[in-house]
Amino acid sequence: MEIALAEELNEIAALGSTMSVHNQVPGGVHCSGSLQDSWRINLHSRIASRVLMRMAQSSYVNENDIYDLVLEQPWEDWFGYHHTIRVDVTAVKSPLKSLEFTTLKIKDAICDRFRDQFTQRPSVNTKTPDMRIVGFMDARNFTIYLDTSGEALFKRGWRMETGDAPLRENLAAGLLRTAGWKPGVPLFDPMCGSGTILIEAAQILAGIPPGLKREFAFEKFHQFDETEWQAIKASVKPNPLPAEPSIFGSDISGDMVVMTRNNLNKAGIRFEVPLKQIEAQEIKAPTTQPGVLLTNPPYGERIGVRGDSTLETDELAKEFFTAFSSTLKQRFAGWSVFLFTADLTVPKMLRLKESRKTPFFNGALECRLFRFDMVAGFNRREEAKPKEQN
């Protein structure tokens with residue numbers, strides 16, 4: 001989601017005058033600015049997982065080089081020995097044998113610095129730390145970061161209930177952006193589960209920043225200014241409530257429809273998002289104006305009943321997608337249909353030719369966002385055409 005994140009960061013940069021967006025790297029985007037810019041990113045970014053502040057970077061040969069670099073950093077400028085810490089390390093092609101040992105050396109360096117200055121050191125708390133320190137190593141260089149976010153940013157603070165396989169909120173936001181959905185364009189999720197895609201869209205439509213209802217690690221930094229932070233939050237102006245519904249959802253499960261309604265309410269949505277309990281094969285376009293249908297269809301064990309064999313599950317999947325395909329062709333002409341799935345055979349089962357496929361990872365699971373443009377008469381996979389008679 002680096003491209004989508006870079007786009008979003010440029011929009012956040014436009015809210016002030018001190019932030020610059022730099023290069024995309026695998027798994028992230030580099031940007032620079034004031035400390036307050038990091039607060040704004042945490043408040044407004046729907047796509048980022050964390051906002052990490054780079055403390056230092058250097059080449060290294062062994063764990064002692066890493067220890068020395070971490071020991072040099074003025075951690076006491078940012079937090080105190082009364083705070084709890086957690087250290088995480090990731091590596092790509094690092095020659096070091098043990099990430100656990102490297103993690104321990106980083107923790108030791110931070111604690112030794114505090115002990116040298118204050119004769120006391122921070123405690124480690126791996127579950128709910130006040131401060132998260134992140135190390136990253138490639139083959140030659142080591143970078144140490146202080147995490148400004150705390151809990152991962154996909155945790156928006158509204159989720160009460162989830163279905164069996166909920167999408168992460170930042171992934172749902174990335175799918176909406178990649179699909180090109182904008183407020184005012186009709187949006188329909190016919191397999192909405194606990195409502196993540198609908199809620200992300202509804203908050204965008206309402207102008208509610210994703211970080212409005214949660215806390216961040218930077219609020220515990222020594223330099224934190226509560227008055228300034230409240231001013232940044234107060235500068236957010238919600239959008240007027242829409243006169244007509246433009247976001248719609250449905251699910252086969254009545255429990256899921258209730259769950260989505262509860263989650264919408266908890267997420268601060270004060271306008272109508274019509275929801276129906278209905279099988280996806282039976283749906284109709286909710287508006288006369290064509291829009292975007294975006295959904296994460298069930299796959300594998302979610303499509304069958306517990307105890308089904310794989311073969312029966314496959315047959316169920318084929319039946320489902322055949323019926324769903326007929327519904328899309330007959331009732332959704334003019335719509336852009338986006339299916340997010342780990343099952344790469346979905347276009348074949350739908351007997352539709354995708355116009356685009358974007359690779360994504362849902363955790364460790366490789367997925368695709370398939371786009372199908374429902375143009376009447378032109379959306380079938382190419383079939384052999386009979387030769388014309390002269």
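The values are calculated or read from the model by the stated rules, or taken from the named source; none is laboratory data. Being a predicted model, the structure only gives us computed values, none of them experimental. All Cβ positions, even for glycine, are placed from backbone atoms using ideal geometry, and neighbour counts span all protein chains on display.
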As an exercise: evaluate M160 against (1) surrounded by 14 or more Cβ atoms within 10 Å (Cβ to Cβ); (2) of a type in the set (A, V, I, L, M, F, W, C); (3) over 17 Å from the mean Cα position of the chain (by Cα) and give the number of the one condition it does not meet. (1)
Return the total of residues in region 328-344 being over 15 Å from T287 (Cα atoms) and outside any loop (DSSP other than H, G, I, E, B). 5
Enumeration of residues in region 26-71 that are closer than 14 Å to A14 by Cα and within 16 Å of the chain's Cα centre (by Cα): I41, H44, S45
Could you check how many residues of region 148-202 are in contact with a helix residue (DSSP H, G or I) (Cβ under 9 Å, 6 or more places away or on another chain), of a type outside the set (F, W, Y) and more than 16 Å from N42 (Cβ to Cβ)? 35
Every listed condition ((1) part of a loop (DSSP other than H, G, I, E, B); (2) at pLDDT below 95) holds for E366 save (1)
Residues of region 246-291 classified as within 25 Å of the chain's Cα centre (by Cα) and either over 16 Å from F324 (Cα atoms) or among the acidic types (D, E) (or both), total: 27
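Looking at L43, L15, can you tell me which residue is under 30 Å from L175 (Cα atoms) and in contact with a Pro (Cβ under 7 Å, 6 or more places away or on another chain)?
Criteria check complete, one pass: L43.
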